[in-house]
Amino acid sequence: MEAGSLVSPKDDISSLFREQTPSVKHNDLSSQFCSVRKVRGDGNCFYRALCFAHLESVRRNARALQRFKEKIIESGTTLSCAGFGENSFKDHLNTVIYVTEQCQADEREDTLLRLFNEQMTSDSVVQYLRLVTSAHLRNNADFFCHFVEAQNLQVYCSQEVETMAMECDHIDILALTKALDVGVHIVSMDGHEERLAHHIIPEGVEPSFHLLYQTSHYDIIYPHPQLEPDSTQDQ
């Protein structure tokens with residue numbers, strides 16, 4: 001990964017394990033995915049990877065981009081319902097709208113890459129996604145309160161979700177994907193099993209992008225072309 005970059009250009013999937021003897025999992029990964037886009041391991045990698053990967057997956061699909069923009073605009077109301085004052089999120093909301101509109105105006109990959117490597121812009125997107133996650137958790141507290149180890153859900157949200165550089169948990173992923181109406185395929189290298197573990201979140205949806213999880217970190221991965229559905233079709 002280039003020094004200083006938040007999201008890297010695509011690299012061959014083998015760049016993940018050049019210094020290791022390929023394991024069964026590595027070979028399994030290489031057979032399914034051809035390239036990787038590395039995301040800085042700063043505790044914000046999931047949120048940064050999710051937004052970049054989703055926008056990249058729909059950047060040539062005008063209707064899907066517009067739906068995402070509308071979902072982001074609607075999320076401001078969700079935050080207000082969860083008790084967030086508009087002053088606490090308006091600037092971050094506008095940043096995500098701006099980034100989405102830039103994708104609508106210019107579908108080139110390098111435009112999205114440039115925006116996500118501008119520290120202030122990229123971190124503002126991450127902060128907003130954290131607030132959206134927290135709002136969804138708070139607004140659905142009766143369900144999510146059973147899955148947190150903190151003193152209560154409100155403490156968990158303020159300390160673990162809304163705070164930058166805090167790693168996300170499974171319930172955060174579920175909350176954010178449901179809030180934004182996106183699906184993610186997570187491929188996990190962790191665990192003692194010989195084979196990769198595959199998780200679709202939320203269950204039963206068609207994922208629009210793929211993330212690799214290993215040692216508490218997320219990168220974006222890309223299937224071999226013959227295995228990738230045509231993302232330019234209307235969704």
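Here are the criteria: (1) at pLDDT below 95; (2) touching a Lys or Arg at 6+ places or on another chain (Cβ under 8 Å). Tell me which single one Val125 does not satisfy.
(1)
Looking at Ser5, is it surrounded by 14 or more Cβ atoms within 10 Å (Cβ to Cβ) and either free of Cβ contacts under 8 Å to residues at least 12 places away in the same chain or assigned to a loop (DSSP other than H, G, I, E, B) (or both)?
yes
State whether one or more residues within segment 10-31 are open to solvent by 30 Å² or more (accessible area, probe 1.4 Å), part of a loop (DSSP other than H, G, I, E, B), without any contact (Cβ under 8 Å) to a residue 24 or more places away in the chain and among the acidic types (Asp, Glu).
Yes - at least one qualifying residue is present in segment 10-31.
Taking the condition surrounded by 23 or more Cβ atoms within 10 Å (Cβ to Cβ) and among the polar types (S, T, N, Q), does Thr133 pass?
yes
Does Phe84 count as in contact (Cβ under 8 Å) with a residue 40 or more places away in the chain and open to solvent by less than 20 Å² (accessible area, probe 1.4 Å)?
no
Please count how many residues of segment 32-56 are in contact with a Pro (Cβ under 8 Å, 6 or more places away or on another chain) and part of a helix (DSSP H, G or I).
Matching residues across segment 32-56 total 1.
Being in contact with a helix residue (DSSP H, G or I) (Cβ under 7 Å, 6 or more places away or on another chain) and open to solvent by 60 Å² or more (accessible area, probe 1.4 Å) narrows it down to one of Gln66, Gln127, Gln104, Gln119, so name that one.
None of the other options fit; the residue is Gln104.
Is it the case that Phe46 is hydrophobic (A, V, I, L, M, F, W, C) and open to solvent by less than 10 Å² (accessible area, probe 1.4 Å)?
Yes; evaluated as a whole, the condition is true for this residue.
Those residues that are closer than 14 Å to Val205 by Cα and of a type in the set (A, V, I, L, M), I need them from segment 180-191; list them, please.
Residues satisfying the conditions are Leu180, Val182, Val184, Ile186.
Looking at (1) farther than 22 Å from Ser134 by Cα; (2) part of a helix (DSSP H, G or I); (3) among the polar types (S, T, N, Q); (4) open to solvent by less than 20 Å² (accessible area, probe 1.4 Å), can you tell me which one Ser75 breaks?
So the condition that Ser75 fails would be (1).
The values are calculated or read from the model by the stated rules, or taken from the named source; none is laboratory data. Remember, predicted model here, so these are calculated numbers, not experimental data. Every residue, glycine among them, receives a Cβ derived from its backbone with ideal geometry; neighbour counts consider all protein chains shown. Accessible surface areas use protein heavy atoms only, side chains included; no ligands, DNA or RNA. Shrake-Rupley method; radii C 1.70, N 1.55, O 1.52, S 1.80 Å.
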